[in-house]
1. Arrange Asp175, Asp146, Asp166, Asp289 by Cβ neighbour counts within 10 Å, fewest through most, would you?
2. Compute the distance from the alpha-carbon center of region 117-150 to that of region 186-213, in whole Å.
3. For Ser300, enumerate residues with amide H under 5 Å from its amide H, sequence gap 5+ or separate chain, H modeled in the peptide plane.
4. How would Thr214, Thr253, Thr261, Thr90 line up from fewest to most surrounding beta-carbon atoms within 10 angstrom?
5. Sort Lys223, Lys213 so that the residue with the fewest other Cβ atoms within 10 Å of its own Cβ comes first and the one with the most comes last.
6. Need the full-extension length gain, Ala246 to Thr262, defined as separation in residues times 0.36 nm minus the C-alpha distance. One decimal, nm.
7. Pull up all non-local amide H partners of Asn186: gap of 5 or more, or a different chain, and H-to-H distance under 5 Å with H placed in the peptide plane.
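What follows draws every value from the coordinates through simple rules; no lab data is involved. Computed from a predicted model, the values in this text were never measured in an experiment. Backbone-built Cβ (ideal geometry, glycine too); neighbour counts: all protein chains shown.
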Amino acid sequence: MKRFLLIYVITSNYRYINHQHLDKLNEAPYIPKPHWLKIKLADTETFGEVAGLLKKQRLSTVCRSARCPNIGECWGRGTATFMIMGEICTRGCRFCNIAAGKPLPLDLDEPRRLAEAAAQMRLKWVVVTSVTRDDLPDGGAAHFRDVVRELRRANPGVGVECLTPDFKNKPTAVDVIMENPPDILNHNIETVPSLYRAIRPGADYQHSLNLLKTFADRGLVTKSGMFVGIGEEMKEVHQVLRDLRAYGVRSLTVGQYLRPTTEHAPIARYVEPREFNELADYAHSIGFDRVASGPLVRSSYHAEEAAAWYRLSQTERQGLLSREDGNLSNSGNQSIGGSR
């Protein structure tokens, strides 16, 4: 088997769809997909190896559940986004393709199986991401903790990033996560506050900011992501970035919203690659350490590069920037780079 580099993990719950405040979104006309949204074909050998291992360990992936546009690229280079705690979500976000309904009880053996899969893949960096489990007393925080513990037990020296839900009304969640904290704590802000009621019902913009600040204040590197092209104004996006920095967030991802099905919120516009580069420049100018901004960027896109960045010394970071002129890029029109 080829040597694998990275793995991503995610949790899920059930979804309540609030159809209020959606008239304007639903009236949006169909917009043809532009030429810059090109999807890479999979490396079939490595793609098959990843798929086979996931099936053997009975592990789900958000790659398929959320219809991620990068599944070919990521699986083709031996990376995947695992979805723990089932395949049913407790929220009704209009942008997300993960199924909604009443979730099943937690699989308490899942942390062990996931860690075993990571060991078989000889991973150096693991991303554990999540949707919401409002049905659980702690929102699934203990399951995150157990996954991190098992990963480090089976893979000494492995780095871990957790992409968590908002843990709304779960006051013990942060303390539970901190019993076995990840190296990077990621929680996505998703969109601008003016679209929360229509796009992210059940969530609260200020609560998400407060959650990120709480983890930052407790010493974790914090990360957040959002999508654009769903009806926001660019000045609103700039304000969100300023808010994230004010609340201690150091790493950022920005990507194009892509409508999973006709039942989801329509695309308002396709943001041009030039605008993503401008957003990356703006984010760097206000102090973000790491920024991935581009049409196909998602919250865990090239997460191993950001992880490596934070493990470098300040001198090493400056040397990397001088060699690369502060930018790492790929063929997908994404801007990925460290602070200027």
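1. Values: Asp175 11, Asp146 21, Asp166 26, Asp289 18.
Fewest-to-most ranking of Asp175, Asp146, Asp166, Asp289: Asp175, Asp289, Asp146, Asp166.
2. Each part's Cα centre sits 21 Å from the other's.
3. none
4. Thr261, Thr214, Thr90, Thr253
5. Working: Lys223 30, Lys213 16.
In increasing order of surrounding Cβ atoms, one gets Lys213, Lys223.
6. Working: separation 16, 0.36 × 16 = 5.76 nm, distance 3.63 nm.
Difference between extended and current length: 2.1 nm.
7. For Asn186, the qualifying residues are Cys162, Leu163, Thr164, Lys223.
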